[in-house]
Amino acid sequence: MNRTNIPYLTHSWSPTKGCTCVSPGCRFCWAKQMSKRLAGMNDRGYDKDDPFAVTMFLERLNEPLSVKKPAIVGVSFMGDLWHDLVSWNFQYSVFECMLLAPRHTFMILTKRPENMRKAIRNIYIHLERNYYKENIKLPLKNLWLGVSVENPDNMWRVKTLLDTPAARHWISVEPMLEPINLNLCIECQSQPGECYEHNKLDLIVCGCESGKNRRPCNIDWVRSLRDQCKEANVPFYLKQLEQDGQVVEMPLLDGKVYNELPQQ
């Protein structure tokens, strides 16, 4: 587990790495580019022939347990924990570690929420069974589940997210490639009686694409999303924007830095 420059996190934890493209937001994936760089540096686990291959690192599973100070941890941001090639047993082990490290806050992102929803329901059944003497509370209070959404075509991910039990639900609109309408996703889509107690959005992180091939992010799209968040009472966190030809982290938008987070 390492320190990270991602501004809303303190640490990154990569029990898995690697992914495959599923939508337009993947085209210039920063994690894929970083994997190539790490392979060039002979970093362990990053094969030069296929540096972004989906990989599970057993030796990294317990890293959060050795960090004593409370941290905000991005989980598998160098891949997708819910990729088809990541085994359920490994996903369960990741959750077991998060259960045993309640001092940390863990944030997960995926573009495969249908896999996440199916797996988590089974994971929680087994956690309850295996830790029944500890009388654990589920869903895990220190876990935020999120999806990455870049355009309206993929807003279905948010609907699936909200049908998945979590203490917090969040969205990363990064890279923002088209305008986003929150009205498409703010209500739970389960059948009557199946909605979970907490099925609302708690945070939206927004940002432009980075890298030399970045696609445009219209400032009016960002303003619209900010205004929708305000109306829906959802914290809005503006991570980065292109200004004067440069990507600026934590930029001003209409004279203000937006670094809102939900109250603990």
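In terms of its C-alpha gyration tensor, region 90-148 has an oblate overall shape, because the principal axis ratio a/c (a ≥ b ≥ c, square roots of the eigenvalues) is not below 1.5 and a/b does not outweigh b/c.
Using the Cα gyration tensor of region 11-62, with a ≥ b ≥ c the square roots of its eigenvalues, what is the shape: rounded (a/c below 1.5), prolate (a/b larger than b/c) or oblate (neither)? It comes out oblate by the Cα gyration axes. Altogether, the Stokes-Einstein calculation at 37 °C and 0.692 mPa s, with the Kirkwood radius of region 2-257 over Cα pairs as Rh, returns a diffusion coefficient of 173 µm²/s. For region 45-109, state which chymotrypsin sites (Phe, Trp or Tyr not before Pro) are in a DSSP loop and have at most 16 other beta carbons lying within 10 Å of their beta carbon. Taking region 45-109 and a limit of 16 other Cβ atoms within 10 Å, the loop chymotrypsin sites (Phe, Trp or Tyr not before Pro) found are Phe57.
The calculated FRET efficiency for the pair Lys200 and Leu252, based on their C-beta separation and a Förster distance of 22 Å, comes to about 0.20. Measuring against 22 Å, Cα to Cα, the residue pairs Lys111/Lys200; Lys68/Lys141; Lys32/Lys118; Lys36/Lys212; Lys118/Lys159 contain Lys32/Lys118 as the ones spanning a longer distance.
Values in this text are rule-based calculations from the coordinates and carry no lab data. These numbers were taken from a predicted model, which means no experiment stands behind them. Here Cβ is always computed from backbone atoms with ideal geometry, including for glycine, and neighbour counts include all displayed protein chains.
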